[in-house]
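The values are calculated or read from the model by the stated rules, or taken from the named source; none is laboratory data. Keep in mind the model is a prediction, meaning the values are calculated, not measured. Ideal geometry is used to build each Cβ from the backbone, glycine not excepted, and the neighbour counts take in all protein chains shown. Surface areas here come from the heavy atoms of the whole protein model, side chains and all, with no ligands, DNA or RNA. Shrake-Rupley method; radii C 1.70, N 1.55, O 1.52, S 1.80 Å.
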Amino acid sequence: MAGASRSSRWTDALLDRMRELGDPVADAPVAAALERGDVDAVNAIMHTLVRTDQPVPDQLPDDIGAYLAETLPLPEWADMRKIKRAQQLFETWGLQIAICLFCASLPSSYAAADGVKVLYLTARLDTDARRRVMETGQFLIDVLTVGGLDENGKGRRTIQRVRLMHAAVRHLIKARNEQQPGLWDPNWGTPINQEDLAGTLLAFSYVVADPMRRLGVRVPAKDADAYLHLWNVIGHLLGVRDELLVRGISDAAALVDAIRRRQFRASPEGQDMTDALLNLLDEMTPFHRFDDTIPPLIRHLIGDETSDLLLVPKSDLVDDLGRLQRIAKWFFVHVFGRSERDSPRYQLVSRMVRPFGHDLLHGLFRLERGGERAPFDIPKHLARSWELSA
């Protein structure tokens, strides 16, 4: 069927329609608050609420308070057993997942030429790269740690703040476009639209299906299903329409293929955002030679085709690993009857990953903005398990 990938439900007609949709539940109260001049009220929820057991500030407008009450509960279909299982997977493989997120999920998001426009407009490269990496890391810790989505879990408030931020960005871009016509091209769709939200969600949830495998980690089917379920719950709370939530690994792969076909192409915004990310990752991991770690890891995780769109530097290491893999795979699988994960390529990558992942997460603690230490918060048991100093 034309306009479909592995699944006929991911049609161009559906995804084109999703590009025109924002998030009415958050958009309406935020637009009303900003038009009333209640910027302080919106900032209050961004900065003061941390856990669901904290009282809502009295000064919040009624519509913002109603938004907080409406968007706090988990969906009826949320399975707490799957959520906990997925969060345990994160706590077990946190270093590897962190590498996948920062060296695969973020760059892949920058390859979506229309979606990256809003990131570029709301951020200015070097400074923004610091903020985005730090806030992304904090978001992941809040929602993926065991208990993060429980009744009083920190993750629920974090999601509410991010959803409000998305609504504020949509409103401000539309308002500024009225003052500066041409700032936002309607052909790009609504800023932070439903297709882009679904694509970003997939960039983070799909790591269990492909990037983790490329690091030599085979995620059991039940764990992968639980991880997708957890991200479906997160997506629902972020305002992603339920019809865009995937139904399993094959369905997720089909949507990944459809979005790549529709959105992945070279763009100056995506290349600039990637360059800023590369520089920041290099700064965060000063004890690792850039040419031997960051470009080869990104190319290994997202492939040369997408990496070329983003101008990720070429890597001799990736070429060497590829040649080594092709030679070794036949011997390990067909002669010795062993798993592909036993091959030299996967062993080499696996040995590289843990120290690099450790230093990458440790680098989050050293990030500074405005001369102040970034307020990065990680549970003590995770800091101990991942050998980080909190």
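Checking Leu281, Leu197 one by one, the residue that is crowded, with 18+ Cβ neighbours inside 10 Å, more than 14 Å from the chain's Cα centre (by Cα), in contact (Cβ under 8 Å) with a residue 12 or more places away in the chain and within 21 Å of Leu144 (Cβ to Cβ) is Leu281 and no other.
Gly235 meets the conditions (1) within 15 Å of the chain's Cα centre (by Cα); (2) more than 26 Å from Arg19 (Cβ to Cβ) in every case but one. The failed one is (2).
Could you identify the single residue in Ala258, Ala254 that is within 28 Å of Pro24 (Cβ to Cβ), crowded, with 23+ Cβ neighbours inside 10 Å and in contact with a Phe, Trp or Tyr (Cβ under 6 Å, 6 or more places away or on another chain)?
Answer to the selection: Ala258.
Among the residues making up the range 239-251, those that are open to solvent by less than 20 Å² (accessible area, probe 1.4 Å) and either assigned to a helix (DSSP H, G or I) or among the aliphatic types (A, V, I, L, M) (or both) are Val240, Leu244, Leu245, Val246, Asp251. So which of Asp23, Asp16 ends up being open to solvent by 20 Å² or more (accessible area, probe 1.4 Å) and either modelled with pLDDT of 70 or more or in contact with a strand residue (DSSP E or B) (Cβ under 8 Å, 6 or more places away or on another chain) (or both)? Among Asp23, Asp16, only Asp16 is open to solvent by 20 Å² or more (accessible area, probe 1.4 Å) and either modelled with pLDDT of 70 or more or in contact with a strand residue (DSSP E or B) (Cβ under 8 Å, 6 or more places away or on another chain) (or both). Number of residues in the range 286-312 that are modelled with pLDDT under 85, farther than 12 Å from Ile99 by Cα and not acidic (Asp, Glu) equals 5. Here is the figure for the range 217-238: residues that are in a helix (DSSP H, G or I), touching a helix residue (DSSP H, G or I) at 6+ places or on another chain (Cβ under 7 Å) and of a type in the set (A, V, I, L, M) total 7.
Residues in the range 204-216: is at least one among the hydroxyl-bearing types (Ser, Thr, Tyr) and either more than 19 Å from Arg19 (Cα to Cα) or out of contact with any helix residue (DSSP H, G or I) (no Cβ under 7 Å at 6 or more places or on another chain) (or both)?
yes
The one condition from (1) of a type in the set (Ser, Thr, Tyr); (2) touching a helix residue (DSSP H, G or I) at 6+ places or on another chain (Cβ under 8 Å); (3) over 30 Å from Pro29 (Cβ atoms) that Ser109 does not meet is (3). If you go through the range 178-214 and keep only what is touching an Asp or Glu at 6+ places or on another chain (Cβ under 9 Å) and of a type in the set (A, V, I, L, M, F, W, C), you end up with Trp188, Ile192, Leu197, Val208.
The residues of the range 75-97 that are aliphatic (A, V, I, L, M), in a helix (DSSP H, G or I) and either under 16 Å from Gly155 (Cβ atoms) or modelled with pLDDT of 95 or more (or both), listed by number, are Met80, Ile83, Ala86, Leu89, Ile97.
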